[in-house]
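Each remark here refers to the structure printed beneath this line.
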Amino acid sequence: MSSSADSITEARESPRPGVSSRIGTGVCAVVLALATLVTGYVVLTAFMVEPDGPWDRQAVTNSHVAAGVGLAFCSVMALLTWVFVKAEWLRRWWYAVPAVPALAALLRLTLLGPDL
């Protein structure tokens, strides 16, 4: 009789298994949201830089550097997303979050790059 009373007491004292999972999901979502804001700002900066004329090679270089840094941030975000999905804190659709700014940065480096 006492063993069943002990198991009932333990069941009441232990937190629900879903609570830690929800906290992990929330923390991971906040981390990726902040990383997305930073990456989006860097990629947006790459799109905002336009050369003033045919002599302004520095603007083209700055645009390429910003797009490259944005791609590096997207790589870090993709690795973080992979870890979070592997730990089952996030679902697989979160892989789209780093893919969108990565696509924008790649477009800026290739097809939509500034011309002199």
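What follows draws every value from the coordinates through simple rules; no lab data is involved. Values in this document were obtained by computation on a predicted structure and should not be read as measured data. All Cβ positions, even for glycine, are placed from backbone atoms using ideal geometry, and neighbour counts span all protein chains on display.
Being in a helix (DSSP H, G or I) and of a type in the set (A, V, I, L, M) is true for just one of Leu34, Leu111, Leu90. Which residue is that?
Numbers: Leu111 fails: in a helix (DSSP H, G or I); Leu90 fails: in a helix (DSSP H, G or I).
Of the residues listed, the single one that is in a helix (DSSP H, G or I) and of a type in the set (A, V, I, L, M) is Leu34.
Looking across the range 70-89, just one residue is of a type outside the set (A, V, I, L, M, F, W, C), touching a residue at least 40 places away in the same chain (Cβ under 8 Å) and under 20 Å from Val19 (Cα atoms), and that is Glu88. Only one entry of Ala102, Ala66, Ala78 meets the criterion of being more than 12 Å from the chain's Cα centre (by Cα) and of a type outside the set (Phe, Trp, Tyr), and that entry is Ala66.
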